[in-house]
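The values are calculated or read from the model by the stated rules, or taken from the named source; none is laboratory data. Not measured: the values here are computed from a predicted model. Note that we place each Cβ from the backbone using ideal geometry, even for glycine, and neighbour counts take in every protein chain shown. Ligands, DNA and RNA are stripped out before the accessible areas are found, and what is left, the full protein with its side chains, is counted by its heavy atoms. Shrake-Rupley method; radii C 1.70, N 1.55, O 1.52, S 1.80 Å.
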Amino acid sequence: MHIAQGVSFPSPSRRGFLQLIAHPFERRLTCGWAIGTRRHASSPSSPSRVIFSGIQPTGIPHLGNYVGALQQWVKIQDGATSATDLLFSIVDLHAMTLPYDQARLRLQKRQTLAALLAVGLDPQRSTIFFQSAVPAHTELMWILSCTASVGYLSRMTQWKSKLAMSDNVALSDPDTKAKLKLGLFSYPVLQSADILLYRATHVPVGHDQVQHLEFARENAKNFNTAHGHFFPEPQTVMSPVKRIMSLKDPRVKMSKSHEDMKSRILLNDTPDSIRVKVKAALTDSIDGLSYDPIGRPGVSNLLALMSYLDTSHRSVVQITAECQGLSMRAFKDEVAKTLIKGLTDLRERYDYFMSAAQSQYLQEVVTAGNEKAASKADETMMLVRRMIGVD
């Protein structure tokens, strides 16, 4: 496979299984996962650990996506042993649960792929693929849906939030009946299939996806009860990073759904764009600096962002002390400088992979990943079909 010239990927670290960025007050935390080796029925060649995670192709990731998920994926990859199977999927079928533009989806898939390579995922070490290229995802979804609980699905919060409904809304509500589509309601079953198809033992997730992983474990239990033990119940690998909040409304997380582009910083934002967005960030009129996410959410969000992107690896405590005498304007200038410096290499790598010269390389990477993922999925489905009696 053609490898892009001038780009080096990180090699697996020998200094520990996983090194993660922790809470900004505790800049570095080296964690050893107490993970037992698992071998499952009829799969003697299965790796001892399988790590799976996915990202929707919403285009160019923002800082919340990077710090909360993608940066952690790279650390997991670089710290994984050779016995660990790593799969990272661009879950494009999940992007269809709400109205969308087909041409835009194609572009966003390419942007997401380029971003995964830019942040440091190595296609020689990790399987990077498009969910839609592996038909077994939807086949397993149907099988799991036959034992999935509608009551459990009805209590999940994601479909309610995407339709801007209250958490206690019922399926019998007339407004729900009018707005809710089956794809949006049942997509957690597809998410379960994404995970179980590769018999994942561990799934890195953000705080807002914990409920979905619990549902995946529930679906694994339901299948195992109905057909015999086969699927492992995947363990949650929680991101150590707290939510990155919106620059315009620090009470809510950074999101592309916010109508104001100044609410978020994208990985390919130019230095000038970063300066403008940070300057416009909502803070407060209190003198001095302090990390207080409840009382001073805007200032605290900027301090956390500085810590996560600081190339000198300063903690929030250190940054707060060093910037204590600055005016809010001067402090924002320091925030912008730190973010610009921390994102420069990443932006350049992203632009490189998105260039026309690298189109063939992107296609080769995802084609190889698709084939590798499909091969693993076919092994699982051959055994599943035999267990459910349709082989």
Which listed residue, of His202, His207, is more than 18 Å from Met387 (Cβ to Cβ), within 18 Å of the chain's Cα centre (by Cα), of a type outside the set (Lys, Arg) and open to solvent by less than 10 Å² (accessible area, probe 1.4 Å): His202
Failed item, numbered, when Arg243 is tested on (1) open to solvent by 30 Å² or more (accessible area, probe 1.4 Å); (2) free of Cβ contacts under 8 Å to residues at least 24 places away in the same chain: (2)
When residues of region 98-152 are limited to those that are small (Gly, Ala, Ser), touching a Phe, Trp or Tyr at 6+ places or on another chain (Cβ under 7 Å) and not in a helix (DSSP H, G or I), the one nearest to Lys372 (Cα to Cα): Ser126
Odd one out for Pro57 among (1) open to solvent by less than 30 Å² (accessible area, probe 1.4 Å); (2) in a helix (DSSP H, G or I): (2)
Residue match in region 163-177 (condition: surrounded by fewer than 15 Cβ atoms within 10 Å (Cβ to Cβ) and at positive phi): yes
Which numbered condition Thr84 misses (of (1) open to solvent by less than 10 Å² (accessible area, probe 1.4 Å); (2) touching a Ser or Thr at 6+ places or on another chain (Cβ under 8 Å); (3) in contact (Cβ under 8 Å) with a residue 60 or more places away in the chain): (3)
Sole residue being open to solvent by 10 Å² or more (accessible area, probe 1.4 Å) and of a type in the set (S, T, N, Q), chosen from Thr112, Thr127, Thr97: Thr97
First in region 212-230 and within 13 Å of Leu190 (Cα to Cα) and in a helix (DSSP H, G or I), second anywhere and open to solvent by less than 20 Å² (accessible area, probe 1.4 Å) and of a type in the set (Ser, Thr, Tyr), Cβ under 8 Å, 6 or more apart: His212/Ser192; Phe215/Ser192; Ala216/Ser192; Asn219/Ser192; Ala220/Ser192
Residue among Lys221, Lys248 that alone is under 30 Å from Val278 (Cα atoms) and modelled with pLDDT of 95 or more: Lys248
Count of residues meeting criterion [within 15 Å of Thr157 (Cα to Cα), aliphatic (A, V, I, L, M) and surrounded by fewer than 17 Cβ atoms within 10 Å (Cβ to Cβ)] in region 210-235: 1
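Restricting attention to region 153-162, which residues are assigned to a loop (DSSP other than H, G, I, E, B) and open to solvent by less than 50 Å² (accessible area, probe 1.4 Å)? Steps first, answer last, please.
Step one: of region 153-162, the residues assigned to a loop (DSSP other than H, G, I, E, B) are 156-157.
Answer for region 153-162, where residues must be assigned to a loop (DSSP other than H, G, I, E, B) and open to solvent by less than 50 Å² (accessible area, probe 1.4 Å): just Met156.
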Unmet requirement for Ile76, which otherwise passes all of (1) open to solvent by 30 Å² or more (accessible area, probe 1.4 Å); (2) at pLDDT 95 or above; (3) more than 27 Å from Met261 (Cα to Cα): (1)
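Residues in region 155-178 that are charged (D, E, K, R) and more than 20 Å from Val210 (Cβ to Cβ): how many?
Here the count works out to 3.
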Residue in region 341-353 that is without any contact (Cβ under 8 Å) to a residue 60 or more places away in the chain and of a type in the set (A, V, I, L, M) present: no
Selection status of Thr311, within 15 Å of Ser273 (Cβ to Cβ) and among the hydroxyl-bearing types (Ser, Thr, Tyr): no
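Which of the following residues is hydroxyl-bearing (Ser, Thr, Tyr), at negative phi and free of Cβ contacts under 8 Å to residues at least 12 places away in the same chain: Tyr100, Tyr66? Let's see the steps before the verdict.
On the way: Tyr66 fails: free of Cβ contacts under 8 Å to residues at least 12 places away in the same chain.
Within the list Tyr100, Tyr66, the selection yields Tyr100.
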Where a residue in region 298-316 is under 16 Å from Tyr66 (Cβ atoms) and its partner, wherever it lies, is surrounded by fewer than 23 Cβ atoms within 10 Å (Cβ to Cβ) and of a type in the set (Asp, Glu), with Cβ under 8 Å and at least six apart: Met306/Glu334
Residue within region 139-149 that is open to solvent by 30 Å² or more (accessible area, probe 1.4 Å), under 18 Å from Tyr198 (Cβ atoms) and either without any contact (Cβ under 8 Å) to a residue 40 or more places away in the chain or under 15 Å from the mean Cα position of the chain (by Cα) (or both) present: yes
